[in-house]
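The values are calculated or read from the model by the stated rules, or taken from the named source; none is laboratory data. Source: prediction; values computed, not measured. As a convention, Cβ positions derive from the backbone with ideal geometry for all residues, glycine included, and neighbour counts pool all protein chains shown.
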Amino acid sequence: MDTMPATLTPEQARAALDRKGISLAEFSRQHELNSNLVSDLLNGRKKGRRGQAHRAAVLLGIKEGTVD
């Protein structure tokens, strides 16, 4: 899977999506993620420690790690 550069702040991750012209909803669809979960990560309400939250955080580039 395609990932953004690692260890961005949530604000930087949102800006990276904006630069690429990708909406939060489109990013969520592309990676089969819940858009509310992605929004929670970008707004600091979730940390992305386990499961889909971890996967989403890694794909957004706000957390180092691997996804299957």
Inset, instruction - Can you work out which of the residues in the range 4-28 that are polar (S, T, N, Q) and part of a loop (DSSP other than H, G, I, E, B) is nearest to residue 65 (Cα to Cα)? - result: 7
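Residues of the range 58-68 being part of a helix (DSSP H, G or I) and out of contact with any helix residue (DSSP H, G or I) (no Cβ under 7 Å at 6 or more places or on another chain), which ones?
Within the range 58-68, 58, 59 qualify.
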Inset, instruction - State all residues of the range 33-57 that are of a type outside the set (Gly, Ala, Ser) and within 16 Å of residue 14 (Cβ to Cβ); if no residue qualifies, say none. - result: 33, 36, 37, 38, 40, 41, 42, 43, 45, 46
Inset, instruction - Please indicate, with yes or no, whether at least one residue in the range 29-50 is surrounded by fewer than 12 Cβ atoms within 10 Å (Cβ to Cβ), out of contact with any strand residue (DSSP E or B) (no Cβ under 7 Å at 6 or more places or on another chain), part of a loop (DSSP other than H, G, I, E, B) and in contact (Cβ under 8 Å) with a residue 24 or more places away in the chain. - result: yes
Legend entry - Out of 25, 16, sole residue that is under 12 Å from the mean Cα position of the chain (by Cα), of a type outside the set (Asp, Glu), loosely packed, with under 12 Cβ neighbours inside 10 Å and modelled with pLDDT of 95 or more: 25
Inset, instruction - List the number of the failed condition for residue 55; all other conditions in (1) outside any loop (DSSP other than H, G, I, E, B); (2) without any contact (Cβ under 8 Å) to a residue 12 or more places away in the chain; (3) charged (D, E, K, R) hold. - result: (2)
